[in-house]
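The values are calculated or read from the model by the stated rules, or taken from the named source; none is laboratory data. Everything numeric here is computed off the predicted structure, so don't read it as measured data. Because the Cβ atoms are built from the backbone with ideal geometry, glycine has one as well, and the counts that use them run over all protein chains shown. Remember, those area values only see protein heavy atoms, side chains included, never the ligands or the DNA or RNA. Shrake-Rupley method; radii C 1.70, N 1.55, O 1.52, S 1.80 Å.
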Amino acid sequence: MASISTPFPISLHPKTVRSKPLKFRVLTRPIKASGSETPDLTVATRTGSKDLPIRNIPGNYGLPIVGPIKDRWDYFYDQGAEEFFKSRIRKYNSTVYRVNMPPGAFIAENPQVVALLDGKSFPVLFDVDKVEKKDLFTGTYMPSTELTGGYRILSYLDPSEPKHEKLKNLLFFLLKSSRNRIFPEFQATYSELFDSLEKELSLKGKADFGGSSDGTAFNFLARAFYGTNPADTKLKADAPGLITKWVLFNLHPLLSIGLPRVIEEPLIHTFSLPPALVKSDYQRLYEFFLESAGEILVEADKLGISREEATHNLLFATCFNTWGGMKILFPNMVKRIGRAGHQVHNRLAEEIRSVIKSNGGELTMGAIEKMELTKSVVYECLRFEPPVTAQYGRAKKDLVIESHDAAFKVKAGEMLYGYQPLATRDPKIFDRADEFVPERFVGEEGEKLLRHVLWSNGPETETPTVGNKQCAGKDFVVLVARLFVIEIFRRYDSFDIEVGTSPLGSSVNFSSLRKASF
């Protein structure tokens, strides 16, 4: 998000809230780099570096209809996403190659992409001078605008389109206007969550994090962004179920929901589900945002955006982008931190509690910035298992794209695709790339690696603007992820988990929560 002012330091106790303002800035210290250290985020249309040979892009798309279906079956059933890409890297001895991406016919007109699967080639997807982002948010297909009130939402707009600037500025205003509520509302809602998880654990011997967390995340966002408690509205506690169903109708071509292939293929991978089936659910969400977003809609008037279009965009940004991201990110963080072991838990608990104690018992932005291990753990979670795995862009002109080993010519109009987990676990960039290393980003050398953390549709060291497609709420997401880790370890010394799978992210149960002993 843009740089904003945030007057909301709080103590560990909800009743002791101060109003003294402090600045909310980008959450990393400035990183100084020489020209050689600056990441090559765009690749010029040249013949390649002197030491990199020009190579034809390997791979092929197979026979019409048959090729895309075979690749889709490999992706969803026979190999799984990660092995789908890794097996072809081995086959072609290249991290850049041609392949079909789901869903293919009859949902996507053209499934053919050039895959970019390393940390050097992937960032060209961020360069809006080189690639177009129009209608590519979900990849080779675009869901019906009937799912978004008839509007093309900000996520589907290229920065060159006139409405992009207005709508992104509206999201910057939303983030800025919520600055007084984020800290206290996060603590209040997530304290309630962990209180309920403790009760469930004592009764059942385990506690489902995902189901409870979904409701908590929406309550937090509604209270922080709009100053509205959903329980006091017609929406009540129904939002997570309504959103999940609506998101399924948007993303079903890209998901596997665990059904047998003979059922799942014709049901969700061959034809688009009718938007009319979720129209009434979406309308309930729309009415909530229309009634709750008064201050934001006044700003929309000033920006020249109709209140109707603004409301659909606020709904999408809150429910799809932010709530959907938290639905994936938070369980993944619990999984990764849980698997890191009790020694890491103890280090986090000691750091978090000692910093808060030395800060007079208050949790402030300044205090959070001193929590080096906590910050690093959050970034490592975002590196290791980014909440959004796919990135797309269409080449605006003929390009030469470089991997670590070769250069490849791409023609104008070709679709480029990147699978982010392979880019952010690139062994030529990260030592022990396939290991979760909690302290990876601690210290000056660690912070230099943040330019290769790419979860926000851009490097962690860059800032969202109206001229790029980087997530408007980049710093907000990092902040709430840190607050989440802090909330866990100010309450507990350690915890144990059981992990399963789900169509979106991980399914996580707590099997123990050991209360703070120091």
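At a Förster radius of 45 Å, what calculated FRET efficiency corresponds to the Cβ-Cβ distance of L52 and K134, to the nearest 0.05? Could you put the intermediate results ahead of the total?
Details: r = 30 Å, r/R0 = 0.68.
Efficiency computed from Cβ-Cβ geometry: 0.90.
Using a 1.4 Å probe, what is the accessible area per residue for segment 54-515, in Å²? Let's see the in-between values first.
Working: 17640 Å² over 462 residues.
That works out to 38 Å² for each residue.
Between segment 151-185 and segment 47-126, what is the C-alpha centre distance in whole Å?
33
Cα axis of helix 372-384 to longest principal axis of the chain: angle in degrees, 0 to 90, nearest 10?
Compared with the principal axis, the helix lies near 30 degrees.
Cβ under 15 Å from F186's Cβ, F186 left aside: what net charge do those residues give with Lys, Arg +1 and Asp, Glu -1?
Around F186, the surrounding residues sum to 0.
Excluding residues on the same chain fewer than 8 positions from K245, give the lysines whose Cα lies under 22 Å from its Cα.
K234, K236, K279, K327
In the neighborhood of G215, defined by Cβ-to-Cβ distances under 12 Å, what is the net charge if each Lys or Arg adds +1 and each Asp or Glu adds -1?
Details: positive: K236, K327; negative: E192, D208, D214, D238.
Here the charged neighbours net out to -2.
Report, to the nearest 10°, how far helix 239-251 tilts away from the longest principal axis of the Cα atoms in the chain, using its own Cα long axis and a range of 0 to 90°.
Between the helix axis and the principal axis of the chain, the angle is about 10 degrees.
Report, to the nearest 10°, how far helix 279-292 tilts away from the longest principal axis of the Cα atoms in the chain, using its own Cα long axis and a range of 0 to 90°.
So the helix axis and the longest Cα principal axis differ by about 50 degrees.
For K70, go through the aspartates and glutamates and keep the ones whose alpha-carbon is under 20 Å away, minus same-chain ones fewer than eight residues off.
Counting by Cα, and skipping residues close in sequence, K70 has these aspartates and glutamates nearby: D78, E82, E83, E109, E264, E265.
With a 1.4 Å probe and all protein chains kept in place, how much accessible area does E385 have, in Å² rounded to the nearest 10?
40
May I ask you to derive the relative contact order of segment 54-515, considering only C-alpha pairs under 8 Å and at least 6 residues apart, and to give it as an integer percent? The partial results should precede the final answer.
Details: 705 pairs, mean separation 104.3, N = 462.
Reported as a whole number, the value is 23 percent.
Ranked from the most accessible area to the least, with a 1.4 Å probe and all protein chains present, what is the order of W73, W323?
Numbers: W73 100, W323 5 Å².
Largest to smallest exposure gives the sequence W73, W323.
Positive end of the dipole of segment 54-515, charges at C-beta (+1 Lys, Arg; -1 Asp, Glu), about the Cα centre: which of F495, G360, S506 has its Cα farthest in that direction?
My answer, from the dipole projection, is S506.
Can you give me the % of accessible surface on the chain that is carbon or sulfur? Probe 1.4 Å, all protein chains present, nothing else counted. Numbers along the way, then the final one.
Details: 11340 of 21430 Å².
Carbon and sulfur: 53 percent of the exposed surface of the chain.
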